[in-house]
Amino acid sequence: MLPLSSRRAFALKYRPRFFSDLIGQDLAVRILTNSILQKMLGPPLLLTGTRGIGKTTLARLFARALNCPSQDKNSGEPCGTCALCQEILEDRHLDVIEMDAASHTGVEEIRGILEACQYKPVACLYKVYIIDEVHMLSKSAFNALLKTLEEPPLHVQFIFATTEIDRVPETVLSRCLRLDLRPVDTELLAQYLAGIAQKENLKIAPAALMLLARAAHGSVRDALSLLECASYLGRDTLNVQDMHALLGLSDETRLEALVVACLQGDCPAALRLFREMRAVGAVAREVLEEMLNAIHTMTCFRLKTPLIEEMLFSETVLVRLKTLAEDLSVPTLARLWSLFSKGFDEVVASPCPELSAEMVFVRTCYTAPLPDLHTLLQNESEATPEKEERLQQQQTSESLLSQHITTLFPGAAPG
Ligand SMILES: [Zn+2]
């Protein structure tokens, strides 16, 4: 094993050095490399996407490709070995300036940049300003930027990155070339992790990699740091159970029992199972996310549509979910989905997520087993004397109630 000081974090060690190292952002990469090759530079770039998706990595790569004297004339890739490439890569080149707008929100910082950008670059062709979290700039800072964004000096390239595009003013948006970075597809991310695991001599089951990739929610950085965490577990071969423990996921047998309890409306069983899961380390939002995955999987089975991700569950659990799905109607599955997805939002926003999750299970147990609207209407159309009588009783009591309300609150219209 390497001494601690020489072991670098995976996210740093495997930070993409070339465009070809970047995964899942083909469109953005193609636009950027073409703009370099065709020398169509100028408009400020605005990179958007969730955190950890590779915005600043792409910005730095672009800064290198733009300035590298031995850049590849076909692919637009920087050489990666010249002094400029090295210095920019190590974040110590004077002409590539990075600023985090989250900690420099004021107009003074922007004025400083605007003044400095009038001077020619020291060694590069272009002075590159990378402003991260640009949405955090103050209104006056944005206003100060506008004129320069309209006509930036020829030797300057601005690159903005943001996680919250809605907070960037329209006036700035309209002056930028906007590139949206997409969350990386789970299977692609799992393949990528498999490659890294091999380089690190880490043995890990494909299904376990899939769980890691799923937990990273499309972020390469998060996926790498999860894999790094897993590497510290010190096991010969990492399996699905290890990942459950690491990610706070519930074990599959309990999850499947929980699905059954919700479908049967067995509230005490559902709560008991959820508490058992928590006792062994499962986290409320992860449990709900897995419930959503299970419901989606069952719906695919019911509709005989291929699954989006084959490896979310083990073969045994997939067979059980398939059997369960055969007895369920699509409207019931759709209702389950909306109950849990609304519940998921509540749990995420709740100050006490575990309690909130319990209430989601209670609500589901009381609502999920009810017949769906289609069945109700079908039953309703088969009129019987008992039904007629019940309907009449209901109408009488409703009209009595409405009379009562009018007497009590003369101004109020019942309804
Ligand atoms: Zn170079």
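The values are calculated or read from the model by the stated rules, or taken from the named source; none is laboratory data. Everything numeric in this text was worked out from a predicted model, so none of it was measured. So basically every Cβ, Gly included, is an ideal-geometry build from the backbone, and we count neighbours across all protein chains shown.
Of all residues assigned to segment 257-277, none qualifies as being at pLDDT below 85 and among the acidic types (Asp, Glu).
Counting only residues that are hydroxyl-bearing (Ser, Thr, Tyr) and crowded, with 18+ Cβ neighbours inside 10 Å, which one in segment 242-298 is nearest to Leu202 (Cα to Cα)? Outline the logic, then answer.
First, the residues of segment 242-298 that are hydroxyl-bearing (Ser, Thr, Tyr): 250, 253, 297.
From what's left, crowded, with 18+ Cβ neighbours inside 10 Å: 250, 297.
Details: Ser250: 24, Thr297: 30 Å.
Looking at the filtered set, the residue picked out is Ser250.
No other residue among Val172, Val184 is in a helix (DSSP H, G or I) and either free of Cβ contacts under 8 Å to residues at least 24 places away in the same chain or not hydroxyl-bearing (Ser, Thr, Tyr) (or both) apart from Val172. Does Ala282 satisfy the condition of being touching a Ser or Thr at 6+ places or on another chain (Cβ under 6 Å) and not assigned by TED's automatic domain parsing to the domain that holds Asp21? Yes, satisfied. Among residues of segment 80-103 that are free of Cβ contacts under 8 Å to residues at least 40 places away in the same chain and more than 17 Å from Phe158 (Cβ to Cβ), those with a beta-carbon under 8 Å from a residue that is away from the ligand (no atom under 14 Å from the Cβ) and not in a loop (DSSP other than H, G, I, E, B) at least six positions away or on a different chain give the pairs Asp91/Glu98; Ala102/Asp132; Ala102/Met136. The numbered conditions (1) touching a Gly at 6+ places or on another chain (Cβ under 8 Å); (2) modelled with pLDDT under 90 are all true for His93 except (1).
To keep it simple, each residue is scored yes or no on (1) small (Gly, Ala, Ser); (2) in contact with a Pro (Cβ under 9 Å, 6 or more places away or on another chain).
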site	(1), (2)
Ile110	no, no
Ala116	yes, no
Ala123	yes, no
Ser138	yes, no
Ala141	yes, no
Gln157	no, yes
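Of the listed requirements (1) of a type outside the set (Val, Ile, Thr); (2) away from the ligand (no atom under 16 Å from the Cβ); (3) modelled with pLDDT of 90 or more; (4) in a loop (DSSP other than H, G, I, E, B), Gly42 misses just one: (3).
Taking segment 222-242 as the region of interest, how many residues are free of Cβ contacts under 8 Å to residues at least 24 places away in the same chain and farther than 15 Å from Leu189 by Cβ?
Residues that pass the stated criteria total 6.
All conditions in (1) within 16 Å of the ligand (Cβ to nearest atom); (2) out of contact with any Asp or Glu (no Cβ under 7 Å at 6 or more places or on another chain); (3) in contact (Cβ under 8 Å) with a residue 24 or more places away in the chain hold for Pro121, with the sole exception of (2).
Taking the condition at pLDDT 90 or above, assigned by TED's automatic domain parsing to the domain that holds Arg17, among the aliphatic types (A, V, I, L, M) and farther than 23 Å from Gly49 by Cβ, does Val156 pass? Break it down stepwise before answering.
Working: at pLDDT 90 or above: yes; assigned by TED's automatic domain parsing to the domain that holds Arg17: yes; among the aliphatic types (A, V, I, L, M): yes; farther than 23 Å from Gly49 by Cβ: yes.
When the stated conditions are applied, Val156 passes them.
For segment 48-95, filtering for residues that are within 14 Å of the ligand (Cβ to nearest atom) and part of a loop (DSSP other than H, G, I, E, B) leaves 17. Assessment of segment 23-46 against the conditions (touching a Cys at 6+ places or on another chain (Cβ under 6 Å) and buried (at least 17 other Cβ atoms within 10 Å of the Cβ)) yields at least one matching residue.
The set of residues in segment 79-113 being more than 27 Å from Thr50 (Cα to Cα), of a type in the set (A, V, I, L, M) and surrounded by fewer than 18 Cβ atoms within 10 Å (Cβ to Cβ) consists of Ala83, Leu94.
Looking at Leu224, Leu154, can you tell me which residue is surrounded by 21 or more Cβ atoms within 10 Å (Cβ to Cβ) and either under 21 Å from the mean Cα position of the chain (by Cα) or outside any strand (DSSP E or B) (or both)?
Values: Leu154 fails: surrounded by 21 or more Cβ atoms within 10 Å (Cβ to Cβ).
Residue meeting the stated conditions: Leu224.
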